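Chemist: Can you read through this structure? Questions will come right after.
None of the figures in this text is laboratory data; all of them are computed from the coordinates on show. Bear in mind that the values here come from a model prediction, so they are computed numbers and not experimental data. When we count neighbours, we look across all protein chains shown, and the Cβ atoms used for this are built from the backbone with ideal geometry, even at glycine.
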Amino acid sequence: MSSAKNRIERWVRPAIRAMQAYHVPDATGLVKLDAMENPYSCPLEVREAWLSALRMAELNRYPDPDAAAVKDKLKEVMQVPERQSLLMGNGSDEIIQMILTLMAAPDHCVVAPEPGFVMYRILSEILGMPYFGVPLKADFTLDLAAMLDVIEQSRPAVVFIASPNNPTGNLFHRADIIRIIEHSPGLVVLDEAYTAFASDNCMDLLDRYEHLLVMRTLSKAGLAGLRTGFVAGPDAWLGELDKIRLPYNVNVLSQLSVSFFLEHYDVLEEQAGHIRRDRNILYQALERIKGIDVYPSDANFLLFRTRAQPAGVLHNSLRERGILIKILQEAHPLLDQCLRVTVGTPDENERFLAALQDSLG
Ligand SMILES: *Cc1c(COP(=O)(O)O)cnc(C)c1O
């Protein structure tokens, strides 16, 4: 009898065997500022009303396959232009996977600025698509000349642009995004996961370009546990994507909960307002700390570089003091000695700052 190992070597593609599973660190007992979650739960009376709404859930039935009512409400709340369509995913991660599955072929490549969102690369690799990460400039703005050059050379099937970008937090210039759209031979996907915290967005460009899709997610705004994202764009593209989508990808509880929270979206907007305010307070506090360089952010997190202490040492010493943030040191050469902290409640932010001061001595 051959061992699992032998058969895996025989049958699992080498590209997959060479990969590591996406690792989520254990946050038990720690102040969790590593994953861009909204730190607030909702007010008790809203929570009660949500639980009543869930009583209607018919768990013995498959969910509504195209969730038309939820989509209409989403379009309205998220200000999707009238003539654009919508498709929902089990998080926007699943939408990225659908888009790449639709476009996958060994000679269809993917381009994205880097450092950027890691799922573009991971999912391209899984699907066997060549992936080109184009370095941002040192100040994390788009290197437009380099982007246009790589697009010209590689003729990518898909270009992903996250704006605000994760993990750098900055919004890219609209004019640069437009140039990239106009120079791309395939599909351009604008990933607007952090729009709730940003000063601008590009949803309106959908009416100008037929090879553009805009992705949004409810995760960062406060519903990470529901796993719901969506993509807006021309019906022709979404019709193709709908062939890739698994029939019941958004479950009954998520559909009901999303409908409920779209009716109470003011609650999430108010929380986003607090987070934006506290991001600016945290930014100013970090700016005053010697040995720390913090970068401007249009998202619910801040990227900073430590000159006082190696990032790994600082990361560990924060964890010993009960604070979990994200270390990005190894993620990209431009992120040397960088860490990323999610904006928490005022109290959590204070605890983070105290632990940071303490660690730096
Ligand atoms: C968090 C994040 C996502 C994924 O969001 P989900 O909807 O939770 O899957 C997508 N893109 C970017 C840039 C993100 O930071």
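Chemist: Over what distance in Å are the Cα centres of the stretch 297-341 and the stretch 256-276 separated?
Modeler: If we compute the Cα centre of each part, the gap is 29 Å.
Chemist: For E152, project a label point 7 Å along Cα to C-beta. Then give me every residue of the stretch 171-209 with its amide nitrogen under 13 Å of that point.
Modeler: Flagged as within label range: 183-184.
Chemist: Sticking with this structure for a sec: Please report how far the C-alpha centroid of the stretch 178-193 lies from that of the stretch 124-167, rounded to the nearest whole angstrom.
Modeler: Here the answer is 10 Å between Cα centres.
Chemist: In a GNM of the chain with a 10 Å cut-off on Cα contacts, which of Q337, Q284, Q255 has the highest mean-square fluctuation?
Modeler: In the Gaussian network model the winner is Q284.
Chemist: What length, rounded to one decimal in nm, is gained on full extension from I8 through to A68, with 0.36 nm per residue of separation minus their alpha-carbon distance?
Modeler: Numbers: separation 60, 0.36 × 60 = 21.60 nm, distance 4.19 nm.
Length difference between fully extended and current span is 17.4 nm.
Chemist: Which of the trypsin sites (Lys or Arg not before Pro) across the stretch 225-323 are loop residues per DSSP, with 13 or fewer other Cβ within 10 Å? If you can, show how the numbers build up before the last one.
Modeler: Details: sites: R227, K243, R245, R276, R277, R279, R288, K290, R305, R307, R319, R321; in loops: R227, R245, R288, K290, R307, R321.
Within the stretch 225-323, the qualifying trypsin sites (Lys or Arg not before Pro) (loop, at most 13 other Cβ atoms within 10 Å) are R288, K290, R307.
Chemist: With r defined as the distance between the Cβ atoms of Q357 and R61 and R0 fixed at 41 Å, what FRET efficiency is calculated, to the nearest 0.05? Please report the intermediate quantities before stating the final value.
Modeler: On the way: r = 54 Å, r/R0 = 1.33.
Once rounded, the FRET efficiency stands at 0.15.
Chemist: May I pose another question? What is the distance, in nm, between label points placed 7 Å from the Cα along the Cα-to-Cβ direction at Q20 and at L44?
Modeler: 4.4
Chemist: Separate question: DSSP loop (so not H, G, I, E, B), at most 11 other Cβ within 10 Å: list which trypsin sites (Lys or Arg not before Pro) in the stretch 1-106 pass both filters. Intermediate values should be presented prior to the final figure.
Modeler: On the way: sites: K5, R7, R10, R17, K32, R47, R55, R61, K71, K73, K75, R83; in loops: R55, R61, R83.
When the trypsin sites (Lys or Arg not before Pro) of the stretch 1-106 are filtered for loop state and at most 11 Cβ neighbours within 10 Å, R55, R61, R83 remain.
Chemist: Which value, to two decimals, describes the C-alpha radius of gyration of the stretch 26-133 once divided by 2.2 N^0.38 Å?
Modeler: Details: Rg = 18.9 Å, N = 108, 2.2 N^0.38 = 13.0 Å.
Working it through for the stretch 26-133, the quotient is 1.45.
Chemist: Relative to the present Cα-Cα distance, how much length would full extension add between A308 and A224 at 0.36 nm per residue of separation?
Modeler: Details: separation 84, 0.36 × 84 = 30.24 nm, distance 3.40 nm.
Result: 26.8 nm gained on full extension.
Chemist: Okay, moving on. Stick to the Cα atoms of the stretch 202-361, pair each with every other, and give me the Kirkwood hydrodynamic radius in Å at one decimal. Don't skip to the answer; put the middle values down first.
Modeler: On the way: mean 1/r = 0.0541 Å⁻¹.
In the stretch 202-361 this quantity evaluates to 18.5 Å.
Chemist: Roughly how many nanometres apart are two label points built 7 Å out from the Cα toward the Cβ at L246 and R83?
Modeler: According to this spin-label approximation, the distance is 3.5 nm.
Chemist: Report the label-to-label distance for S259 and K290 in nanometres (one decimal), using points 7 Å from each Cα along the Cα→Cβ vector.
Modeler: Those two pseudo-labels are separated by 6.0 nm.
Chemist: Return the single residue from P65, P185, P113 with maximal mean-square fluctuation; model: Gaussian network over the chain, springs between Cα atoms under 10 Å.
Modeler: Comparing P65, P185, P113 in the GNM, the peak value goes to P65.
Chemist: Among the listed pairs K137/K326; K32/K243; K75/K243; K290/K326; K220/K243; K32/K71, give every one whose C-alpha distance is greater than 29 Å. Could you put the intermediate results ahead of the total?
Modeler: On the way: K137/K326 22 Å; K32/K243 38 Å; K75/K243 21 Å; K290/K326 20 Å; K220/K243 27 Å; K32/K71 31 Å.
As for pairs spanning more than 29 Å Cα to Cα, those are K32/K243; K32/K71.
Chemist: GluC sites (Glu not before Pro) within the stretch 64-157: which are DSSP loop residues with at most 11 other Cβ atoms inside 10 Å? Can you show the working numbers first?
Modeler: Details: sites: E76, E82, E94, E125, E152; in loops: E82.
Those satisfying the criteria are E82.
Chemist: Of the beta bridges DSSP finds with both residues in the chain, what % are antiparallel, to the nearest 5? Mind showing how you got there, number by number?
Modeler: Numbers: 19 of 37 bridges.
Here the antiparallel bridges make up roughly 50 percent for the chain.
Chemist: For A53 and T28 in the same chain, what is the full-extension length gain: residue separation times 0.36 nm, less their Cα-Cα distance, in nm? Provide the component values of the computation, followed by the final result.
Modeler: Values: separation 25, 0.36 × 25 = 9.00 nm, distance 3.04 nm.
Fully extending the segment from A53 to T28 adds 6.0 nm.
Chemist: Find how many whole Å separate the alpha carbon centroid of the stretch 47-69 from the alpha carbon centroid of the stretch 8-46.
Modeler: Spelled out, the Cα-based centre of one part sits 26 Å from the other.
Chemist: Let me ask another. Sticking to Cα atoms, compute the Rg of the chain to one decimal and its Dmax as the biggest Cα-Cα distance, whole number, in Å.
Modeler: Using the Cα atoms of the chain, the pair Rg, Dmax is 21.1, 64 Å.
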